[in-house]
Amino acid sequence: MQGLYAVFRKELADHFSSYRFVILFALIAMVSFITSYVAGLHLKEGLEGVAKPKFVFLMLFNTPGALFSMVQFGAFFGPLIGIVLGFDAINKERAQGTLIKITSQPIYRDAVINGKFLAGVVTISIMLLSIVLVISGFGLTLVGVVPGVEEIWRLFIYLIISIFYISFWLGLSILFSILFKSIATSALASVALWIFLSFFVTLGATVVANAVAPLNAKEGTSPEILLKNTTVKERISLFSPMVLYTDASTIIINPMRKTTQSLILMGPMERISASRFENPLSFAQSLIVVYPHVTALIAITLICFAISYLVFMLQEIRT
Amino acid sequence: MVTDDSVVVQTKDLTKQYGNQVAVNHLSFTLREGEIFGFLGPNGAGKTTTLLMLMGLTRPSSGEAVVCGLDPVRRAKDVKRIIGYMPENVGFYPELDAVQSLEYIAALNGIPESEARNKIDEFLELVGLKDEAYKKVANFSRGMKQRLGIAEVLIKDPKVLFLDEPTLGLDPEAALNLIDLIVRLKEEHNMTVLLSSHHLHQVQRMSDRVGIMINGTMVAQGTLDQLSKEKFGLGDKTYSLEEIYLKYFREG
């Protein structure tokens, strides 16, 4: 334990004093402020002279600001935080010859990797928590609405999901830092996988869905085919952690959304009734909707770290 | 294996294979308390692999080793508490200063902070880095880094030192200072030292006994006189370690 704690403390101090963390944090803080500020302004305008809808506070996070909402920004940019914190975790130590020095101290070898992962997770948590708090405070003064208990719970769950999502990328980049001796290779591999899983999987899902159940724009597609097309697309998309996370976090942050599935086959009557009789889901119901997503997200994070752990324990350390 | 109290390290038929390649081949040797053992051999002879096996960082393919009565395979953590290992080209965190580097090593060894503080002062003084205590390691010269490396292995209060090429790349003066330091540790603190090096005259200067390892096999071990007699026969002339080593190396 003493070894784990020593590594953890050193890594945490390293993260917070490194330039790359400061730059990343400044960037994220800046974008978050601008996004939530613009969102706040829109909200304020939109709320004038209207009865206050429920969950105004959460709208700070899911209303598109300048370009995107806070939640979308997190889904897109979160992986980069994880990658930046982890891509040189092990191979840098190997390259500068400190890994053998550390492992020849009276500690268990797993203290090194556990300490590094834990320090990364704590850094991510502190970063996200402070941003959510600052935006909340910002929103309080700007919009002048106090968050209710349920909104705080939702934000809390959102925070937990985000921490796991970013930790998945941290674990992945640590895995690459173990597998690849070169720091540049592991950084590139992490970024490549990020781009693939975040963008190409959804693209590929559309392609596959259209191949399996082609949509016919001219003559109109039968409902069965349309349903099949969408199902295939959504199933394949779930391989992307970004889709998993976006689905989970939007449901949690936006109580008006009731399902992660996109609504197809909506006739005019359904559309009217959906917009007229819109009622928010209760917190517990929202949780039930995203429960599989959250479980999957936690599972891939743990699996990813478990693989890194195994590979690191089985490797021979000479330098 | 039967060991008495003065035996610090003992191996018997220690072997390490990587695939078909034998890195260390049935190595048997003994290291006694308070002696400096010079571990010689060309690059890739298996010296570092042997050290790693003795610390439990690599599992031997066969054979056994005992370090202060402990089995490195099963009691790796306890063995690493006893051994102070300075790897070849010892690395440092460039962004830390000398004191911070030592603090980290002390923390990894579970030394309480207050105690570590005193020890750090003591060992920085011993290795002559007192004035550079708050200088970043990135700005250290090679000699200073090696001395900081020695301070790092001493802070854990080891029973035995494993020094892998401690004088590599040092200028003659820095190398001499380091040798003096190692000899002083032996004489004043009864430290046991296992030292690998290519600088034969330096090894000759400080070692009590030497072992010559070629292609994973220890071809000879003993005092300089013993090796000299073994290879050149009885005579009045004393041969230097260099002559002995080269003769062993050429004849295999």
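Elements of the type helices (runs of 4 or more DSSP H) sitting completely within the stretch A:142-219 and holding at least 2 residues that are in contact with a strand residue (DSSP E or B) (Cβ under 6 Å, 6 or more places away or on another chain), crowded, with 16+ Cβ neighbours inside 10 Å and modelled with pLDDT of 90 or more: there are none.
Of all the numbered requirements in (1) within 26 Å of the chain's Cα centre (by Cα); (2) more than 15 Å from residue A:32 (Cβ to Cβ); (3) surrounded by fewer than 20 Cβ atoms within 10 Å (Cβ to Cβ), residue A:113 misses one, and that requirement is (3).
Within the stretch B:52-62, if we keep just the residues that are farther than 16 Å from residue A:106 by Cβ and not polar (S, T, N, Q), the residue that is nearest to the other protein chains (Cβ to nearest Cβ) turns out to be B:59. For the stretch B:77-89, the set of residues classified as more than 26 Å from residue B:142 (Cα to Cα), without any contact (Cβ under 8 Å) to a residue 40 or more places away in the chain and surrounded by 19 or more Cβ atoms within 10 Å (Cβ to Cβ) consists of B:79 only. Being surrounded by 18 or more Cβ atoms within 10 Å (Cβ to Cβ), modelled with pLDDT of 90 or more and in contact with a Leu (Cβ under 7 Å, 6 or more places away or on another chain) is the filter here; which residues of the stretch B:127-139 pass it? Listed by number, the residues that qualify are B:129, B:137. If you filter the stretch B:161-203 down to residues that are in contact with an Asp or Glu (Cβ under 8 Å, 6 or more places away or on another chain) and polar (S, T, N, Q), you find that the one that is surrounded by the fewest Cβ atoms within 10 Å (Cβ to Cβ) is B:190. Checked against (1) open to solvent by 40 Å² or more (accessible area, probe 1.4 Å); (2) at pLDDT below 80, residue A:239 passes all but a single condition, namely (2).
The condition (being more than 30 Å from residue A:179 (Cα to Cα) and either surrounded by 15 or more Cβ atoms within 10 Å (Cβ to Cβ) or within 14 Å of chain B (Cβ to nearest Cβ) (or both)) is satisfied by just one residue among A:12, A:58: A:58.
Evaluated against (1) facing chain A (nearest Cβ under 8 Å); (2) under 18 Å from the mean Cα position of the chain (by Cα); (3) open to solvent by less than 40 Å² (accessible area, probe 1.4 Å), residue B:65 falls short on exactly one condition, (1). Within the stretch B:218-248, being in contact with a helix residue (DSSP H, G or I) (Cβ under 8 Å, 6 or more places away or on another chain), under 19 Å from residue B:46 (Cα atoms) and in a helix (DSSP H, G or I) holds for B:245, B:248.
Is it the case that some residue within the stretch A:77-84 is within 14 Å of chain B (Cβ to nearest Cβ) and in contact with a helix residue (DSSP H, G or I) (Cβ under 7 Å, 6 or more places away or on another chain)? Looking for residues that are within 14 Å of chain B (Cβ to nearest Cβ) and in contact with a helix residue (DSSP H, G or I) (Cβ under 7 Å, 6 or more places away or on another chain), one finds none in the stretch A:77-84, hence no.
Taken as a whole, the structure places residue B:97 among residues that are on the phi < 0 side of the Ramachandran plot, within 14 Å of chain A (Cβ to nearest Cβ) and open to solvent by 10 Å² or more (accessible area, probe 1.4 Å).
The values are calculated or read from the model by the stated rules, or taken from the named source; none is laboratory data. The structure displayed is predicted, hence computed values, not measured ones. Positions of Cβ are backbone-derived with ideal geometry, glycine not excepted, and every protein chain shown enters the neighbour counts. For the accessible areas, the whole protein counts, side chains as well, though only heavy atoms, and no ligand, DNA or RNA atoms are used. Shrake-Rupley method; radii C 1.70, N 1.55, O 1.52, S 1.80 Å.
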